[in-house]
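The values are calculated or read from the model by the stated rules, or taken from the named source; none is laboratory data. Model, not experiment: these values are computed from the prediction. Methodologically, a virtual Cβ is constructed for each residue, glycine included, from the backbone with ideal geometry; neighbour enumeration extends over all protein chains shown.
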Amino acid sequence: MRRCRPLVDIDTGQLSRSNARSGPYIRPATEIKTDMNFFLSSWLGGDHQMKWGVRWRDTPFDSYSTRGGGVTARVDAGVPDSADFYRNNASRRAMYNVSAYVNESYNRGRLRVNMGVRMDYQDDEALPASVAANPLVPDILPALDFPGADSGVTFADWSPRFGVTYDVFGTGKTVAKASAAVYYGQGIFTGGTLNPVAESRVRYAWNDANGDLFVQTNEVDFSRILSRGNYNINDPTAVTSPNSVDPDLQNDRTREVIVGLDHELMPDFGVGVTYIYRNYDHFNWSPVNGVSSSDYVPVTITRACTAALGCDEDSYTVTYYQLPFTLPSGATLTNQNYWKIYKGLEVTARKRYSNRWMLNGSVAYGTTPAYWGEGGYLDPTNIEFVNGAEENNRNAKWVVKLSGLYSFPWGINGSAFFNARQGFPFFRDIRSPSRTGGLGQTNVKYEKDGTTRYPDLHTLDARVEKVFGLGRARITASLDVFNIGNANTVLDREGTQNASNGNRVFTIVAPRVARFGVRVTF
């Protein structure tokens, strides 16, 4: 049992000795659905095709997870730091969905119009569940028998959709198109907010008096909680959660507009251009009750670079925020004043297979800045570096793809695929000391997201195949070569500059690989 207690080095993130076991997951599903079609010709000057349908789904799910030994020893660069005590997870939820849709497609001459609407009704609840006490600190993390709970919140969302295409010159060679739609998230998860028997964690200082790197309770300072998760500090034995759900909670939403133009330059060869706009909002989050961003106090520190692989500066000065009081228990699931906007432009070229060859190519450029409005965050740490940043997600602004195939004589086909994109953002930061208010450590940024990036990626793959006929069977022998140029582009590295493994490379592009294959069809 003692050997099953995990050890994690928070300096490098390395985990040893044990870990969590996830599962079992039990997810039965019951569904009843019906779809119908109706065709009507030469009415209102055109042809109509209508579709409509109804669906009912019942998708309960149970999930369980276990932490080895009930406690994780945390060291910082090998120095004992703190201990995380866990109570295992036992989550049981019910989820119900009723949906209906109707869609009309109307064709008249050069014009085609699609319009429809979808309705989704979603409801959930937390089902009764039980969880055992932590074996080391049963008084702090006792066993619980949860009777279940229902937030009373449901989602009833209407999603309109509209699309139109128009043959500009009546020749079928130039087509303008546009569409607009609203989408809502699938799934409602208020039951998890009210479930006190989901995994709970409480962190205390630990001194490892005997130097064996295993946590014993007499080495732990239980007088002060450093941080916690899903733990009611005021009533550890409560079978009701201190959390709540905003009765006006709304489902997350995506609004989309797409416009484009396709044109056939010559037989079997066409080009197109498309502009895409998406606005993502109504995200759900759970801010702690009774706390606002104005409660946080700034702390400025300077840390020397300790990265074994070097930094671009000898030291970094950063500002993080902490609370002058202990973070209270209880949070409310509500909508966040946070949104993302994607704007993208894509140019495509397509040559259908004819005269022994085919080609597909595209160039895309897009950005997805994210914004936090007033009240959209609690902890101000890093907000100046992520608010409005174009690249606060791991993505590339530009992507180029080109693929083609040529059929040689004697049944030999040759094809290739070229892929190029901008390097993903490299997020660099400094790890803070443990913050007051039970906030623990955090990684503090010192530059706007997207300022530093990984190298651009360029790879080329190729394939040659030969088809043989043998009676009624066809035998295809092939040779694939991936990453022909043997690029070793860095894809991921440690970004914490005051960690001992700072800037260490974790992932590079897979090296050149050749693969021979034989496929028989008959």
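Odds and ends about this structure:
- Residues that are of a type in the set (Ser, Thr, Tyr) and more than 32 Å from the chain's Cα centre (by Cα) were ranked within region 103-153; the one that is surrounded by the most Cβ atoms within 10 Å (Cβ to Cβ) is TYR106.
- Of all residues in region 416-439, those that are crowded, with 18+ Cβ neighbours inside 10 Å and in contact with an Asp or Glu (Cβ under 7 Å, 6 or more places away or on another chain) total 4.
- Residue check for TYR406: surrounded by fewer than 17 Cβ atoms within 10 Å (Cβ to Cβ), hydroxyl-bearing (Ser, Thr, Tyr) and touching a Leu at 6+ places or on another chain (Cβ under 7 Å): no
- Subset of region 346-378 that is in a loop (DSSP other than H, G, I, E, B) and crowded, with 18+ Cβ neighbours inside 10 Å - its residue that is nearest to the chain's Cα centre (by Cα): THR368
- Looking only at region 353-363, and only at residues there that are at pLDDT 95 or above and out of contact with any Leu (no Cβ under 7 Å at 6 or more places or on another chain), the one that is farthest from ASP295 (Cα to Cα): LEU359
- Subset of region 503-522 [touching a residue at least 40 places away in the same chain (Cβ under 8 Å), within 27 Å of ALA420 (Cα to Cα) and not in a strand (DSSP E or B)]: ASN503, ARG504, VAL509
- GLY211 vs. criteria without any contact (Cβ under 8 Å) to a residue 40 or more places away in the chain, under 32 Å from the mean Cα position of the chain (by Cα) and surrounded by fewer than 16 Cβ atoms within 10 Å (Cβ to Cβ): no
- Residue within region 412-419 that is under 24 Å from THR368 (Cα atoms) and among the aromatic types (Phe, Trp, Tyr) present: no
- Exclusive hit being charged (D, E, K, R) and free of Cβ contacts under 8 Å to residues at least 24 places away in the same chain, set ARG224, ARG228: ARG224
- Residues in region 456-497 that are among the acidic types (Asp, Glu), in a strand (DSSP E or B) and either touching a Lys or Arg at 6+ places or on another chain (Cβ under 8 Å) or loosely packed, with under 15 Cβ neighbours inside 10 Å (or both): 2 in all.
- Per the conditions (1) of a type in the set (D, E, K, R); (2) within 20 Å of the chain's Cα centre (by Cα); (3) surrounded by 18 or more Cβ atoms within 10 Å (Cβ to Cβ), the sole criterion not satisfied by LYS343 is (3).
- Here the condition is being in contact (Cβ under 8 Å) with a residue 60 or more places away in the chain and within 27 Å of ASN284 (Cα to Cα); of GLY375, GLY388, it holds for GLY375 alone.
- Check on TYR280, in a strand (DSSP E or B) and either over 25 Å from ALA499 (Cβ atoms) or touching a residue at least 24 places away in the same chain (Cβ under 8 Å) (or both): yes
- Residue tally, condition over 30 Å from THR174 (Cα atoms), of a type outside the set (A, V, I, L, M) and without any contact (Cβ under 8 Å) to a residue 60 or more places away in the chain, over region 98-138: 6
- Region 284-298, residues that are in a loop (DSSP other than H, G, I, E, B) and surrounded by 17 or more Cβ atoms within 10 Å (Cβ to Cβ): SER286, PRO287, VAL291, TYR296
- All conditions but one from (1) at negative phi; (2) surrounded by 19 or more Cβ atoms within 10 Å (Cβ to Cβ) apply to GLY69; the one that does not is (1).
- Looking across LEU265, LEU261, one residue alone is over 30 Å from the mean Cα position of the chain (by Cα), more than 23 Å from PRO433 (Cβ to Cβ), assigned to a strand (DSSP E or B) and without any contact (Cβ under 8 Å) to a residue 60 or more places away in the chain. It is LEU265.
- Failed item in (1) within 30 Å of PHE85 (Cβ to Cβ); (2) loosely packed, with under 15 Cβ neighbours inside 10 Å; (3) of a type outside the set (A, V, I, L, M, F, W, C), with ARG303 passing the rest: (2)
- Each residue in region 36-66 was checked for being surrounded by 15 or more Cβ atoms within 10 Å (Cβ to Cβ) and of a type in the set (Asp, Glu), and 2 of them qualify.
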